[in-house]
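Comments concern the structure below.
The values are calculated or read from the model by the stated rules, or taken from the named source; none is laboratory data. As the structure is a computational prediction, the values presented were derived from the model and not from experiment. Glycine gets a Cβ as well: all are built from the backbone with ideal geometry, and neighbour counts include every protein chain shown.
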Amino acid sequence: MENHKQMERDEAGPMAVEAAEEEENGQVGSSLTLERVAAAKQFIESHYKAQMKHIQDRKQRRSVLEKKLASEHVPEEEQINLLKDLERTETQYIRLKRHKICVDDFDLLAIIGRGAFGEVRLCREKKSGNIYAMKKLKKSEMLSRGQVEHVRAERNLLAEVASHCIVKLYYSFQDAEYLYLVMEYLPGGDMMTLLIREESLTETIARFYIAQCVLAIESIHKHN
């Protein structure tokens with residue numbers, strides 16, 4: 001009987017084996033399993049959404065160029081060449097997107113902040129020379145403190161919300177131990193640094209920062 005069960009597990013594959021082991025241990029629906037399911041679901045949905053948007057944007061760019069060329073009475077042969085140039089540019093862009101960025105693509109500079117799960121470093125992208133702020137979060141700490149959903153919400157918000165009141169996210173990636181968020185570098189520091197430096201703010205300055213917070217929250221609400 002035991003041999004028969006083992007054969008069934010071997011045929012079912014690693015996911016089924018893991019599920020069977022969890023069932024035997026009374027761990028069905030464990031928090032770790034639910035986190036993995038939620039992460040997989042989020043990844044698939046985000047990937048599909050990004051792919052569909054890219055296809056739509058690509059079609060729209062071609063349509064805009066075709067209409068512009070037609071309205072300006074560009075010769076047919078020149079139109080064909082310009083459309084081919086657009087296709088080459090689109091293909092090159094796709095190839096660049098396929099490059100999986102990692103921490104080795106950056107020069108890590110000074111530490112500019114520390115948090116509950118890791119640190120924030122000033123970094124320079126090797127290819128472009130652009131300066132960013134890289135937040136490095138330890139995944140085991142996020143899991144043990146049950147903060148995975150909070151971090152995921154932060155990442156999605158930074159990636160999807162376009163507002164001058166919210167820091168811009170340029171890249172996000174991970175390795176076996178850490179999650180990395182590569183963001184816009186804002187040299188003025190955060191609100192806590194400002195309060196420590198100034199001790200108290202004038203009414204005019206306080207009104208300005210409160211207004212910025214309200215606008216940021218409004219941008220978030222617009223994205224549900």
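Here are the numbers:
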quantity	calculated
Subset of region 191-209 [within 24 Å of residue 118 (Cβ to Cβ) and either surrounded by 13 or more Cβ atoms within 10 Å (Cβ to Cβ) or among the aliphatic types (A, V, I, L, M) (or both)]	191, 192, 194, 195, 196
Positions within region 210-224 being surrounded by fewer than 12 Cβ atoms within 10 Å (Cβ to Cβ) and in contact with a helix residue (DSSP H, G or I) (Cβ under 7 Å, 6 or more places away or on another chain), in sequence order	223
Residues that are assigned to a loop (DSSP other than H, G, I, E, B) and within 19 Å of residue 47 (Cα to Cα), drawn from region 163-187	175
Tally, over region 125-158, of residues that are closer than 18 Å to residue 100 by Cβ and in contact with a Lys or Arg (Cβ under 9 Å, 6 or more places away or on another chain)	3
Hey, residue 125 charged (D, E, K, R), under 28 Å from residue 46 (Cβ atoms), in contact with a helix residue (DSSP H, G or I) (Cβ under 8 Å, 6 or more places away or on another chain) and surrounded by 15 or more Cβ atoms within 10 Å (Cβ to Cβ) or not	yes
Residues within region 103-145 that are under 18 Å from residue 35 (Cβ atoms), of a type in the set (A, V, I, L, M) and touching a strand residue (DSSP E or B) at 6+ places or on another chain (Cβ under 8 Å), tallied	2
Leading residue by the ranking (modelled with the highest pLDDT) among those in region 190-224 that are under 22 Å from the mean Cα position of the chain (by Cα) and outside any helix (DSSP H, G or I)	190
Identity of the residue in region 47-72, of a type in the set (A, V, I, L, M, F, W, C) and modelled with pLDDT of 80 or more, that ends up nearest to residue 172 (Cα to Cα)	52
Residue under evaluation residue 130, criteria (1) of a type in the set (S, T, N, Q); (2) at pLDDT 90 or above; (3) exposed (fewer than 11 other Cβ atoms within 10 Å of the Cβ), criterion not met	(3)
Hits in region 200-221 (condition: without any contact (Cβ under 8 Å) to a residue 40 or more places away in the chain and either closer than 29 Å to residue 128 by Cβ or not hydrophobic (A, V, I, L, M, F, W, C) (or both))	200, 202, 203, 204, 207, 209, 218, 221
Positions within region 71-85 being assigned to a helix (DSSP H, G or I) and surrounded by fewer than 10 Cβ atoms within 10 Å (Cβ to Cβ), in sequence order	71, 76, 77
Residue that is nearest to the chain's Cα centre (by Cα) [pool: residues in region 151-178 that are under 23 Å from residue 214 (Cβ atoms) and polar (S, T, N, Q)]	156
Pairs where the first residue, in region 179-199, is of a type in the set (D, E, K, R) and the second is assigned to a loop (DSSP other than H, G, I, E, B), C-beta under 8 Å, 6+ apart	184/167; 184/168
Tally, over region 30-44, of residues that are basic (Lys, Arg) and either more than 16 Å from the chain's Cα centre (by Cα) or surrounded by 11 or more Cβ atoms within 10 Å (Cβ to Cβ) (or both)	1
